[in-house]
Structures are given as C-alpha cells and as structure tokens.
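The values are calculated or read from the model by the stated rules, or taken from the named source; none is laboratory data. Computed from a prediction, not measured in an experiment: that's the story for all the values here. Backbone-built Cβ (ideal geometry, glycine too); neighbour counts: all protein chains shown. Please note that ligands, DNA and RNA were not included when accessible areas were found on the heavy atoms of the full protein model with its side chains. Shrake-Rupley method; radii C 1.70, N 1.55, O 1.52, S 1.80 Å.
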Amino acid sequence: IGNLVNFFDKEVKVTCVDTDRNAVQIGNIINSRENSDNITRDDLQLNPPSERVDGMIIMSDSLDMALTDLSYLLPNGVAVVMCYVDDFETYFATESVQKRFLQGFLMTEKYRVSSDTILLQLKKK
C-alpha cells in the first residue's frame, strides 16, 4: 500500500484499507505520509471518515466488501483494489452484478499481479 500511495498526487487524500492489522501497523511506520490514512477494514466500519475521500487503496479477500467500502469515495474518485482472481471471477459471474457495477464504476485498468491476485484501478461515477 505504501508504494501505491506514492502514485497519488500529494494534494490527493488517500485512505488505505487492509484486512491485516499487522500489515497496517507496519505500513504506518515505514510509509507514513501526510496525505494518507492506513486503517483496517474493521476500523473503517467502526470509525468511517467524516467526509468522503479522493482516493482509496483496498487490499481485500472479498471484492463485494471492497466495493462496499468504496461508498466513502468521492464521485470521480480513484481507487485501487487488490483481490483474488477467483473472487473477481465469481463476483462478475452474473450479468446483473456486471450492470450494477458499471452503473457505479468505470474499470480503467486491470493487472494480473500473480497467479492468484489481481489489481483493479477503478473510477467512481
């Protein structure tokens, strides 16, 4: 997450969400930046941001939950989501989910990071 934050402009407020509390704590120590908040998914649900954010980076085992977290993203905000390939394929298996997704987001890029993970770049409509 710390490396991905570097691609956002310093003016952009980025919220980074991970399910692994240890990873978040290590990331906060190694990659502390003024324009980013690194939190766990549980902390995001318990203490959501007071206002919507410009960008989000989400590491998730559930694409459905990651897209729910994107409700905190401003319209035209940009998000990077890392998820499992199997979860991605399962999530988009039905046409109704595809239509719902396309109503809210534009997928600008899709990268296969490894045999089991995929990185998505999304823009909220």
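Brief remarks on what is shown
- Filtering segment 1-22 to residues that are outside any loop (DSSP other than H, G, I, E, B) and exposed (fewer than 15 other Cβ atoms within 10 Å of the Cβ) leaves 3, 21, 22.
- Residues (in contact with a strand residue (DSSP E or B) (Cβ under 6 Å, 6 or more places away or on another chain), open to solvent by less than 60 Å² (accessible area, probe 1.4 Å) and either in a loop (DSSP other than H, G, I, E, B) or of a type in the set (Val, Ile, Thr) (or both)) located in segment 100-116: 108
- Pairs with Cβ under 6 Å, 6+ apart, first in segment 1-29 and aromatic (Phe, Trp, Tyr), second open to solvent by less than 50 Å² (accessible area, probe 1.4 Å): 8/14; 8/55
- For segment 83-92, the count of residues that are in contact with a strand residue (DSSP E or B) (Cβ under 8 Å, 6 or more places away or on another chain) and surrounded by 20 or more Cβ atoms within 10 Å (Cβ to Cβ) is nonzero.
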